[in-house]
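Visitor: Here it is: the structure, laid out below.
The values are calculated or read from the model by the stated rules, or taken from the named source; none is laboratory data. Source: prediction; values computed, not measured. No Cβ is skipped: glycine too gets one built from the backbone with ideal geometry, and neighbour counts run over all protein chains shown. Surface accessibility is based on the protein's heavy atoms, side chains included, excluding ligands, DNA and RNA. Shrake-Rupley method; radii C 1.70, N 1.55, O 1.52, S 1.80 Å.
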Amino acid sequence: MSQSHNRGLVEDFGRWREFSAGMWAWVFHKFTGWVLIGYLFTHIAVLSSALNGDAAYTQTLQGLEQLAVVRVLEVGLLAVAAFHILNGIRLLFIDLGVGTALDTQEKSFYASLILTGIIVVVSVPVFLEGL
Amino acid sequence: MSTQTPDTDDSDPQAERMARKDERAAEREEAASTPDVGDDAITLKVFRYDPEVADKQEPRFDTFHVPREPGITVLDALIYARDTYDSSLTFRHSCRQAVCGSDALFINGSQRLGCQTQIADLNDSETVRVEPLPHREVVKDLVVDMDHFYDQMDAVEPYFSPKEDPDGEQLQSRENREKIKMSTRCIWCGACMSSCNVAAGDNEYLGPAAINKAYRFYFDEREGEDRQEERLRIIEQEHGVWRCQTQFSCTTVCPKDIPLTEHIQELKREAVKQNLKFW
Ligand code: SF4
Ligand code: FES
């Protein structure tokens, strides 16, 4: 072949409007997975303030909890974790051959989204309490 | 279009043919300059690329207007555009009935067979955007290089291997036929592989079509146990079934409605089962 043309990644993320449910589930699962890994490091960093004694730890946590942005981020974290867990369960079922039909896997993805939404909405008051 | 001036010698059949050809070309050109395509014409946007033509070396989209006929398919529209406007428009097709698998295209953002896709059924039936299959090198216009896809298909040894010493005729049970029925429907169009992100990122990944082929023979009860074992080795290799991340992209686009993801998942379980087996 004399020459050919490689269209690169245009078709991958350029066509996001045409992504099907399963593709979105995959994208969200990857994304939430990375966010959770990132959070793990923040988590360790915050907890390790305890190395400087009780007072430092208490002060760090209280200081953080006073910030509205931290509370909002916590809600976000819950959303991310909830989706990752629920979709993870969905994927386990798919691995076991349950719900592998095209429309079933779509419905189970929407179900995990809706459940995530409900969990987040319900827990907003808890997170924002006493701000 | 011919650039040759027709010979005026009437007795030369070749010259006559050339004259007729030029006449038709002229007619076509006239039709193209004043195309009567009706008010509700379909706007066809087609990807163009040709390394041998100067102004097509840089890929671009050409727009054609095609009259809307009841039941018109994307392939019909392409044929109309080629015959009416631009004879250099290049695409593969043969059977026009979803059997040969040669016209898998990227139509309005999804892998479909041109001949199986009626324009009226598309989300946007006003403007139809036709591109070559993603994740394949484009050779010319809508024609992509399928070699890699065929290599992956060959890698799973896609042929029936009968038992060495069959006792008489080898019959297949009804149940077994049912089990592999869907997997036999593949027409090697490559739509599934093109839709798969994992396959795009891993050139060695067998891909959905090849794994489905492997499924078709792995579960065929007429092949011997040794052969099944060999097939499993191919299936469960590093770039085999384990690469699948259940995006369901392949299942979504397969024009023959093969439950590809389901088949891949079943082979994953099969691989686990066979490897855990200690009896
Ligand atoms: S499995 Fe379906 S999409 Fe893939 S090559 Fe075969 S017919 Fe085409
Ligand atoms: S032309 Fe044969 S599958 Fe479309």
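Visitor: Peptide B:243-254: average number of partner chain Cβ atoms within 10 Å per residue?
Guide: Counting Cβ atoms of other protein chains within 10 Å of each residue's Cβ and averaging gives 5.
Visitor: In addition: Mind putting a number on the dipole of chain A about its Cα centre? Charges go on the C-beta only, +1 for Lys and Arg and -1 for Asp and Glu, and I need it in Debye to the nearest 20.
Guide: Roughly 280 debye for chain A.
Visitor: Right, another one. Can you tell me which lysines have their Cα less than 23 Å from the Cα of B:Lys163? Leave out same-chain residues fewer than eight positions away.
Guide: List returned: B:Lys179, B:Lys181, B:Lys213.
Visitor: Let me ask another. Gain in length, B:His239 to B:Asn123, computed as 0.36 nm per residue apart minus the alpha-carbon separation, to one decimal in nm?
Guide: Gain in length upon complete extension: 38.2 nm.
Visitor: Still on this structure, I have one more. With r defined as the distance between the Cβ atoms of B:Glu157 and A:Leu61 and R0 fixed at 51 Å, what FRET efficiency is calculated, to the nearest 0.05?
Guide: 0.25
Visitor: Which value in nm describes the separation of the simple spin-label points at B:Asp145 and A:Val98, placed 7 Å from the Cα toward the beta carbon?
Guide: 4.6
Visitor: If I take R0 = 51 Å and measure r between the Cβ atoms of A:Val69 and B:Asn176 in this structure, what FRET efficiency does the formula 1/(1 + (r/R0)^6) give, to the nearest 0.05?
Guide: So, using R0 = 51 Å, E works out to roughly 0.25.
Visitor: Follow-up. Lysines near B:Lys56 by alpha-carbon distance under 20 Å, same-chain residues fewer than 8 away left out - which ones?
Guide: Once the sequence-local lysines are set aside, what remains near B:Lys56 is B:Lys45, B:Lys140.
Visitor: When the convex hull of the C-alpha atoms of chain A is computed, what volume per residue in Å³ does it have?
Guide: Measuring per residue, one finds 195 Å³ for the Cα hull of chain A.
Visitor: A follow-up question, please. About its Cα centre, how strong a charge dipole does region B:128-279 have in debye, to the nearest 20, once Lys and Arg get +1 and Asp and Glu get -1 at the Cβ?
Guide: 640
Visitor: Considering the options A:Ala21, A:Ile37, A:Val69, tell which one lies farthest towards the positive end of the dipole of the protein assembly as shown, charges being +1 on Lys and Arg and -1 on Asp and Glu at the Cβ, about the Cα centre.
Guide: A:Val69
Visitor: Does anyone have the angle between helix B:225-235 and the longest principal axis of chain B? Alpha-carbon axes, 0 to 90°, nearest 10?
Guide: Approximately 60 degrees, to the nearest 10.
Visitor: Going highest first, how would you order B:198-208, B:145-155 by mean Cβ packing within 10 Å?
Guide: For the peptides B:198-208, B:145-155, the packing ranking is B:198-208, B:145-155.
Visitor: Could I ask something else about it? With no solvent and one equal point scatterer placed on each C-alpha of region B:42-144, evaluate the Debye formula and give log10 I(q)/I(0) for q = 0.17, 0.19 Å⁻¹, two decimals.
Guide: The computed values of log10 I(q)/I(0) come out as -0.71, -0.89.
Visitor: Right, another one. Quickly work out the B:Arg17-to-B:Glu169 label distance, labels modelled 7 Å from Cα along the C-beta direction, and quote it in nm with one decimal.
Guide: Distance between label points: 5.1 nm.
Visitor: Here is a further query. Accessible area per residue, 1.4 Å probe, Å², for the protein assembly as shown: what's the number?
Guide: 55
Visitor: Another one. Per the Kirkwood formula on distinct C-alpha pairs, the Rh of region B:158-221 is how many angstrom?
Guide: 13.5
Visitor: Turning to a different aspect of this structure: Add -39500 (n - 2.57) for each DSSP H run of 4 or more in chain B, then divide by its residues: what number comes out at 222 nm, to the nearest 500 deg cm²/dmol?
Guide: Result for chain B: -11000 deg cm²/dmol, rounded to the nearest 500.
Visitor: Of A:Tyr110, A:Ile85, B:His263, whose Cα points farthest to the positive end of the dipole of the protein assembly as shown (charges on the beta-carbon: +1 Lys, Arg; -1 Asp, Glu; origin at the Cα centre)?
Guide: A:Ile85
Visitor: How much net charge surrounds B:Gln57 when only the other residues with a Cβ under 13 Å from the Cβ of B:Gln57 are counted, with Lys and Arg +1 and Asp and Glu -1?
Guide: Residues near B:Gln57 contribute -1 overall.
Visitor: If you don't mind, there's one more thing I want to ask. Using the alpha-carbon centroid of each, what span in Å lies between region A:65-131 and region B:121-144?
Guide: 36
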